[in-house]
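Here the structure comes first, spelled out in structure tokens, and everything after it is commentary.
Taken together, the values in this text are just the output of simple stated rules run on the coordinates, not laboratory data. Here the structure is a predicted model, which is why all the values come from computation and not from measurement. Reconstructed Cβ throughout: ideal geometry from the backbone, glycine too, with neighbour counts over all protein chains shown.
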């Protein structure tokens, strides 16, 4: 029970009288010191390794300042790396087998995708306050998770802290709204919109939109393989006709050389199936590569565009990271060689810098530690090395993948 304010009494030294009662509720004031909530979703089968095989999701997470009191961070290992059962880690052989089967199925088809989304949503429930800034990053199916979560909180808002039982209902309601199934089967778009609005105004904190959505090569192979001729309705086919209600700023780095049909990119621009001259970064150095690469980009505009989708040379993991460096011993200067994925990591950091520059309130800017400056300084010196680093081919022997993996990849070739 909330205590009533004390009235003035003679033995209190003259406390001021209680304010007059009112029937109108004042809106919750925005935080004087807004928090920054940073969520990072790793790619399929990827998790922290502490080696050069870490993805750009881990590498950018390492560069955020964890010591600042108003910035909170969330990292989720990739789909297929763990199960979401709240069991002990000390499992018997039978339980280990069951978990391995679940992880394999999750990695193959993203069958526990909903649980991954809800885990990120719970983090926002716990920490979000009015006026806070939300930054979401993801790679591969982690980027799909990030994009789905961003649209979900725009559509239904964020539940208040403590409403754990409502999370599953909120997710199901949003999912049914985009697939027009379940509770929304046969209902018109107007009816669905009205119902979502009523639900949001009843249970959730409204007017919430992520501030920055950073994605590396989003793929849509969640729940199904997306093979030609499949009659099963894909979850993603309804939700990417527009990015207007996804985030204030959206950045998407796309692989131009990925050939596996399971890794077809979920583009921001509907119907775009190939890169055009305006979307490819200009080449700044010579070379015999068949596709364009760059170590530099045009000057950052004073007002960065709201949405930017850029095609980069390389396959899926050349964009999002995940390949180990195998030539460290050949590097005479004692520093790790640059990778192709460092180009897109630097690009994403520059896009964040551009957004920080136009953020008027310094306390609302995302905070980095010294690792960001060290990386960007090294990139300025050795960025050309990344331009000529190895481009992997997942469908060719000696292309950078294990033979057993290439056989599996071959079944996903178009």
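The table below gives the values:
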| item | result |
| --- | --- |
| Separation in nanometres of the label points that stand 7 Å from Cα toward Cβ, at residue 326 and residue 193 | 5.4 nm |
| Which of 152, 209 has the fewest Cβ neighbours within 10 Å, and the rest in rising order | 209, 152 |
| FRET E, pair residue 361, residue 94, Förster distance 56 Å, beta-carbon r, rounded to 0.05 | 0.55 |
| Per-residue Cβ neighbour rank within 10 angstrom, fewest leading, 179, 51, 193, 145 | 51, 193, 179, 145 |
| Packing-based order for 357-370, 153-166, using average beta carbon neighbours within 10 Å, highest first | 153-166, 357-370 |
| Cβ-based exposure ranking for 216, 347, in which fewest neighbours within 10 Å come first | 347, 216 |
| Full-stretch length increase - residue 308, residue 68 - with 0.36 nm per residue and alpha-carbon distance subtracted | 83.5 nm |
| Label zone at residue 161, where the point sits 7 Å out along the Cα-to-Cβ direction: region 109-146 residues whose backbone N lies under 16 Å | 121-133 |
| Ranked packing of 251-257, 306-312, most packed first, by mean Cβ within 10 Å | 251-257, 306-312 |
